[in-house]
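Novice: One structure coming up, written as structure tokens, with questions to follow.
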């Protein structure tokens, strides 16, 4: 069942039976980062770019395989009197370990044919450069594609060429991308995950919970669990859903989520309770969104901070920073520093270094 109510069915290969080195080598498939999506939407707002989207149908089936793979004929679809024979796969199927990578390589080749170049620092960004206002930027996350640029006619022409290569569903002006709702209001773009947040809260049975004013209780610090408690599945489901929210549009829960996720391998009941406490906070802030203002002249702003030795066990410090463009957040981080700082000044310099790297 798709998010818009459509139903789909796929033939899924038994990827669990594949042998590494024999049936596949690499399986990692690069995708665009959430912060890059936020950056591009902020730029589109500032430059008043035209944005249009599409959804590629059955993407993994287009991927060309570079390994010789055979599979049994699917149940109920075997060729009469040839039931003993197997199928030789030329293209990927859902379930194959290398299906995502095979599609990405095929996509990369097809975009080169359309004279797109891939950004070296971000695998999900492709750009089509021409003189004047004829440049087009493509943002791709597996089968979700956005095209944007200053010239509507050029962007639509490139989009039509892309749709001739692949079977696509034209989305027009996009209302959603990666479960993030995109709302245009004049020269501003509002980005939120209200619908997904509602599903998370409902899944956690927290719909009628009393809202909390902060993501975590003041002064709370999660300690390591030493008791055997069977909460792995429940805790990881909750914290994984919250992590997706945090990466997309909710920087306000960054510290709480990353702090608790450190205990995902052996969570306690207290850890689960605090993860559900974050849900209580989200219940009261469900309509929060990132807003990018096209009329902003503030430029790129970066802010950072750190504490000193806040972890009572390891004495490591916490780094936090965010970047703003078009008056809206485009990147944020809250994480434990890798080494012990011997002073608050040293902890601040470590945080400053991390922030400067992100700005660069």
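Novice: May I ask you to list the residues in the stretch 60-94 that are surrounded by fewer than 10 Cβ atoms within 10 Å (Cβ to Cβ) and within 30 Å of the chain's Cα centre (by Cα)?
Specialist: 90
Novice: Moving to a separate point now. Assess whether residue 8 counts as being out of contact with any helix residue (DSSP H, G or I) (no Cβ under 6 Å at 6 or more places or on another chain) and outside the structural domain of residue 324 (by TED's automatic domain parsing).
Specialist: So residue 8 passes the test.
Novice: Which of the strands (runs of 3 or more DSSP E) found entirely inside the stretch 24-131 contain at least 3 residues meeting this: closer than 28 Å to residue 247 by Cβ?
Specialist: Where strands (runs of 3 or more DSSP E) fall fully within the stretch 24-131 and carry at least 3 residues being closer than 28 Å to residue 247 by Cβ, they are 50-56, 125-128.
Novice: Residues being touching a strand residue (DSSP E or B) at 6+ places or on another chain (Cβ under 7 Å), surrounded by fewer than 17 Cβ atoms within 10 Å (Cβ to Cβ) and closer than 20 Å to residue 39 by Cβ: count how many of those fall in the stretch 292-334.
Specialist: Total meeting the criteria: 4.
Novice: Here is a further query. Select from the stretch 335-360 the residues that are closer than 29 Å to residue 192 by Cβ and crowded, with 20+ Cβ neighbours inside 10 Å and list them in ascending order.
Specialist: The answer is 351, 355.
Novice: Condition test on residue 145, is it more than 26 Å from the chain's Cα centre (by Cα) and either surrounded by 18 or more Cβ atoms within 10 Å (Cβ to Cβ) or assigned to a helix (DSSP H, G or I) (or both)?
Specialist: no
Novice: Out of 66, 48, report the one residue that is in the same structural domain as residue 167 (by TED's automatic domain parsing) and farther than 23 Å from residue 25 by Cα.
Specialist: Exactly one of 66, 48 is in the same structural domain as residue 167 (by TED's automatic domain parsing) and farther than 23 Å from residue 25 by Cα, namely 48.
Novice: Look through 215, 174 and report the one residue that is in contact with a helix residue (DSSP H, G or I) (Cβ under 8 Å, 6 or more places away or on another chain) and touching a residue at least 60 places away in the same chain (Cβ under 8 Å).
Specialist: Only one candidate passes the filter, namely 215.
Novice: Can you tell me how many residues within the stretch 1-23 are assigned to a loop (DSSP other than H, G, I, E, B) and surrounded by 10 or more Cβ atoms within 10 Å (Cβ to Cβ)?
Specialist: Residues meeting the conditions: 8.
Novice: All but one of (1) closer than 22 Å to residue 166 by Cβ; (2) buried (at least 17 other Cβ atoms within 10 Å of the Cβ) hold for residue 35; which doesn't?
Specialist: The number of the failed condition is (1).
Novice: To continue, here is another question. So, of the residues in the stretch 210-236 that are at pLDDT 90 or above and outside any helix (DSSP H, G or I), which turns out to be nearest to residue 177 (Cα to Cα)?
Specialist: Among residues in the stretch 210-236 that are at pLDDT 90 or above and outside any helix (DSSP H, G or I), the one nearest to residue 177 (Cα to Cα) is 215.
Novice: Further question on the same structure: Please verify whether the stretch 35-58 includes one or more residues that are within 24 Å of residue 4 (Cα to Cα), at pLDDT below 90 and touching a strand residue (DSSP E or B) at 6+ places or on another chain (Cβ under 8 Å).
Specialist: yes
Novice: Tally time: how many residues in the stretch 306-320 are within 11 Å of residue 341 (Cβ to Cβ) and without any contact (Cβ under 8 Å) to a residue 60 or more places away in the chain?
Specialist: So the count comes out to 8.
Novice: Mind listing whichever residues of the stretch 184-204 are surrounded by 13 or more Cβ atoms within 10 Å (Cβ to Cβ), assigned to a strand (DSSP E or B) and over 16 Å from the mean Cα position of the chain (by Cα)?
Specialist: Matches in the stretch 184-204: 184, 188, 189, 190.
The values are calculated or read from the model by the stated rules, or taken from the named source; none is laboratory data. Computed from a predicted model, the values in this text were never measured in an experiment. Every residue, glycine among them, receives a Cβ derived from its backbone with ideal geometry; neighbour counts consider all protein chains shown.
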